[in-house]
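What follows is a single structure, written as structure tokens, with notes after it.
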Amino acid sequence: MNWLILEANELEADGRARLTDERADHVRRVWTIRKVTQVRAGLVGGGRGWAHVEEVGAAGVVLRCEFPEPPLPRSGVSLLLAMPRPKAAKRLWAQLAELGVERVWVTLAEGVEASYLDSHALDPGVIRRRLREGMAQCGETRPPVIEVIRRFEEAVRRVGEERPEAEKLVVDPTFNELLREGKGQPRVLAIGPERGWSVEELARLRAERFCGVHLGPRILRAETACLVALGRCVGAGRPSA
């Protein structure tokens, strides 16, 4: 845990917070032993700053928090994501937070088992916990919004409505153009299942002005493809807003 991430409802009017969960355990097990009294902290949906350790006890820890710094720059990148295997999805949520993804529309595809959308990986509590792990790694305070839309056609339509200004790219090994590095512009990446998007799905995406790109000669796992594609897009970032 590099950063302590707190939510607004955990703060008292004077900026203090009392923690009793796994974060308090970390303070007792790691920070107290190392005699750390001040750590980097962020407020979900807000700024970044410091948490000063004032009290450590069996009942929890008391921190005095301040968040004078702005959030990290926005990446401008969102995902239209065919639901990965549930175990992979659980890992992926934290990684998407680390990379600064802004929004994720999770949907079915022809190469995805319908039962995946009923898995524990999409439980709101699981998603929230995994996102916070990623945020604590990198100091992100604005986690991606993850929305499940079962019907592929509806998900594609929503992308067009909610990100009309973004460059839209569908990633699939059948295309000839290599995904180029981003320059901070808004982008939506459509990442399909490991079997790839179907012919019909690719046609639907092209009809919605998605341009086809690939990631190289290797066929990647879905979660690996996400990380490779995002690595080429999020480096520049955009000014905080």
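How large is log10 I(q)/I(0) at q = 0.12, 0.18 Å⁻¹ when the Debye formula is applied to the Cα atoms of region 1-122, each weighted equally and without solvent? Debye curve over Cα of region 1-122, log10 I(q)/I(0) at q = 0.12, 0.18 Å⁻¹: -0.60, -0.97. For region 149-241, the square roots a ≥ b ≥ c of the C-alpha gyration tensor eigenvalues yield an a/c of 1.5 or more together with a/b not exceeding b/c, which makes the shape oblate. Could you tell me which of LEU63, ALA121, GLY46 has its Cα farthest along the dipole of region 1-154 towards the positive end, charges placed at Cβ (Lys, Arg +1; Asp, Glu -1), taken about the Cα centre? Of the listed residues, the answer is LEU63. For LYS183, the lysines whose Cα comes closer than 23 Å to its Cα, not counting residues fewer than 8 places off in the same chain, are LYS168. Applying D = kT/(6 pi eta Rh) to region 77-231, where Rh is the Kirkwood radius over alpha-carbon pairs, T corresponds to 4 °C and eta to 1.567 mPa s, the Stokes-Einstein value obtained is 84 µm²/s. Compared with the dominant Cα axis of the chain, that is its longest principal axis, helix 86-98 is turned about 70°.
The angle between the Cα long axis of helix 152-162 and the main principal axis of the chain comes to about 60°, on a 0 to 90 degree scale.
If you take all C-alpha pairs in region 4-69, what percent of them are over 13 Å apart?
Numbers: 1254 of 2145 pairs.
I get 58 percent for the Cα pairs in region 4-69 exceeding 13 Å.
Residue-wise HN-Hα couplings along region 200-207, as the Karplus relation 6.51 cos²θ - 1.76 cosθ + 1.60 with θ = phi - 60° gives them from phi, are 5, 5, 5, 5, 5, 5, 5, 5 Hz; Gly and Pro carry x.
Helix 124-138 and the longest principal axis of the C-alpha atoms of the chain enclose an angle of approximately 70°.
The alpha carbon centroids of region 80-120 and region 1-75 are separated by 29 Å.
Taking the Cα centre as origin and putting +1 on Lys and Arg beta-carbons and -1 on Asp and Glu beta-carbons, what dipole magnitude results for the chain, to the nearest 20 debye?
Numbers: 38 positive and 34 negative charges, 115 e Å.
Computed charge dipole of the chain: roughly 560 debye.
Rounded to the nearest 500, what is the 222 nm mean residue ellipticity of the chain from helices alone, with -39500 (n - 2.57) per DSSP H run of 4+ residues and division by all residues? Let's see the in-between values first.
Values: 6 runs with 63 residues, N = 241.
Calculated at 222 nm, the ellipticity per residue is -8000 deg cm²/dmol.
Every read-out reported here was derived from the displayed coordinates using simple, explicitly stated rules and does not represent laboratory data. What you are looking at is a predicted structure, and each value in this text was computed from that prediction instead of being measured. Note that each Cβ is placed from the backbone with ideal geometry, even for glycine, and that neighbours are counted across all protein chains shown.
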